[in-house]
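These notes are about the structure you will find just below.
The values are calculated or read from the model by the stated rules, or taken from the named source; none is laboratory data. Please read these numbers as outputs of a predicted model, since none were measured by experiment. Don't worry about glycine lacking a Cβ; one is built from the backbone with ideal geometry, like all the others, and counts go over all protein chains shown. These area figures cover heavy atoms from the full protein model, side chains too; ligands, DNA and RNA do not enter into them. Shrake-Rupley method; radii C 1.70, N 1.55, O 1.52, S 1.80 Å.
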Amino acid sequence: MPCKALRPAVLALLCLAVAGAAQAQWKWRDAKGNVQYSDMPPPVGTPEKDILQRPGNARPIIIVTPPGAQASAASAPKPAASMPTKAELETAARQKKEQDGEAARQKEEERRVAAQRRDNCARAQSNLRDLQSGTRLTRTNEKGERVFMDEAQIAGEVGRARDVITSECK
């Protein structure tokens, strides 16, 4: 019977020991971008930004440089580009998507303008044919009455139709 009473206490101690061991895990991103897990710290030279998790009792490594070395370190060339972070990849993807969307909008606008120009060209050419056909043409005046166009009015409309054809039919 005393053995059964100790069993829950032993199980609780084992759970605490396992939880403590799980917290003593290191998690970092290696040079290839793969996430690594270990109970040992990452290799020397792993950038601080790539260390994703430390054990609770581990302290971040602080490198102290002399004051004169700070200026030279700031002006020193940066090391070769490392693997981009997830945030950088997401930002790049978002920018690419925005650029693609803008290009698509611009292309659609150019398509719409070209269709409008084709329509304007066709209307102007049809209008010019009608004006040059020799038939009597009428207009509606401001009173709503139909009036026939004289030769000067027809010549003015022919000139306007040719201007539209010149600008829209390319």
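For first residues located in region 102-117 and in contact (Cβ under 8 Å) with a residue 40 or more places away in the chain, partners that are open to solvent by 80 Å² or more (accessible area, probe 1.4 Å) and outside any helix (DSSP H, G or I) and lie 6+ apart or on another chain with Cβ distances below 9 Å form the pairs Arg117/Lys170. Out of the residues in region 128-169 meeting the condition of being in contact with a Phe, Trp or Tyr (Cβ under 9 Å, 6 or more places away or on another chain) and open to solvent by 100 Å² or more (accessible area, probe 1.4 Å), tell me which one is nearest to Ala114 (Cα to Cα). So, considering only residues that are in contact with a Phe, Trp or Tyr (Cβ under 9 Å, 6 or more places away or on another chain) and open to solvent by 100 Å² or more (accessible area, probe 1.4 Å), the one nearest to Ala114 (Cα to Cα) is Arg139.
The single condition from (1) out of contact with any Lys or Arg (no Cβ under 8 Å at 6 or more places or on another chain); (2) part of a helix (DSSP H, G or I) that Glu142 fails is (2).
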